[in-house]
Amino acid sequence: MTTEKISSSKNKNHLRLMAVTAMLMAMNIALSSFGVPVPGGHLYLNDIVICTAGILLDPFGAFMVGGIGAFLGDFFFYPTPMFVSLATHGLQAVVISLCTRHAFSGCKTKAFGAGLGVFLGAIIMIVGYSLGRAFIYSTPEYALLKLPFQILQAAVGAIAAMILCFRFQLLSLYNRL
């Protein structure tokens, strides 16, 4: 294979990676703009995109989608917790990506590593937002009041991402790109 073909192939892969990252980031921003009303609060569905990006992308791309995407979504629609979203969702996405790639690396499938990643990512999201709310609003009671919604959001995001990536074969489709 000539160096021109190798260079062209690398450029196409970089463009595909950037396009997928940009699409997932746009989806994260869009889904963070509204919540599904549930009794006592709202359920935001952007965790599905963040967990999916963590499974599909490398740690840097996952941080871009999770951290920067959530930051921009909050910046445009509700700026108070935007730095909490940057740190929490960014760390969540990076941990998911690292676990998917490196945990249980001897296994045939990445599902075990991804499962561990989304579990740890859910804990990071719950703890990060609880501490962030307690700090931003200066009341630990408010953070405790919203804790069930954080747990529900984390669980829905983790389970939906695992179903999308492994049951509906999104990960294998992404790898074929």
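Assorted remarks:
- Check on residue 113, surrounded by 23 or more Cβ atoms within 10 Å (Cβ to Cβ), in a helix (DSSP H, G or I) and in contact with a helix residue (DSSP H, G or I) (Cβ under 8 Å, 6 or more places away or on another chain): no
- Selection from region 132-146 of residues that are free of Cβ contacts under 8 Å to residues at least 40 places away in the same chain and surrounded by 15 or more Cβ atoms within 10 Å (Cβ to Cβ): 134, 143
- Residue within region 118-128 that is more than 22 Å from residue 35 (Cβ to Cβ), in contact with a Lys or Arg (Cβ under 6 Å, 6 or more places away or on another chain), of a type outside the set (A, V, I, L, M) and part of a helix (DSSP H, G or I) present: no
- Residue 149 being touching a strand residue (DSSP E or B) at 6+ places or on another chain (Cβ under 6 Å) and touching a residue at least 24 places away in the same chain (Cβ under 8 Å): yes
- Taken over region 153-173, residues that are surrounded by fewer than 16 Cβ atoms within 10 Å (Cβ to Cβ) and either more than 28 Å from residue 19 (Cβ to Cβ) or in contact (Cβ under 8 Å) with a residue 60 or more places away in the chain (or both) amount to 1.
- Within region 129-141, the residues that satisfy the criterion of being out of contact with any Lys or Arg (no Cβ under 7 Å at 6 or more places or on another chain), of a type outside the set (A, V, I, L, M, F, W, C) and over 28 Å from residue 113 (Cβ atoms) are 137, 138, 139, 140, 141.
- When region 81-110 is limited to residues that are in contact with a Phe, Trp or Tyr (Cβ under 7 Å, 6 or more places away or on another chain) and within 16 Å of residue 68 (Cα to Cα), the one that is surrounded by the most Cβ atoms within 10 Å (Cβ to Cβ) turns out to be 93.
- Within the set 164, 144, 152, the sole residue that is of a type in the set (A, V, I, L, M, F, W, C) and either within 18 Å of residue 114 (Cα to Cα) or in contact with a helix residue (DSSP H, G or I) (Cβ under 6 Å, 6 or more places away or on another chain) (or both) turns out to be 164.
- Output for region 68-80, where each listed residue is of a type in the set (A, V, I, L, M, F, W, C), open to solvent by less than 80 Å² (accessible area, probe 1.4 Å) and free of Cβ contacts under 8 Å to residues at least 24 places away in the same chain: 71
The values are calculated or read from the model by the stated rules, or taken from the named source; none is laboratory data. Predicted model only: the values in this text are computed from it and were never measured. Ideal geometry is used to build each Cβ from the backbone, glycine not excepted, and the neighbour counts take in all protein chains shown. What goes into the accessible areas is simple: the full protein's heavy atoms, side chains included, and nothing from ligands, DNA or RNA. Shrake-Rupley method; radii C 1.70, N 1.55, O 1.52, S 1.80 Å.
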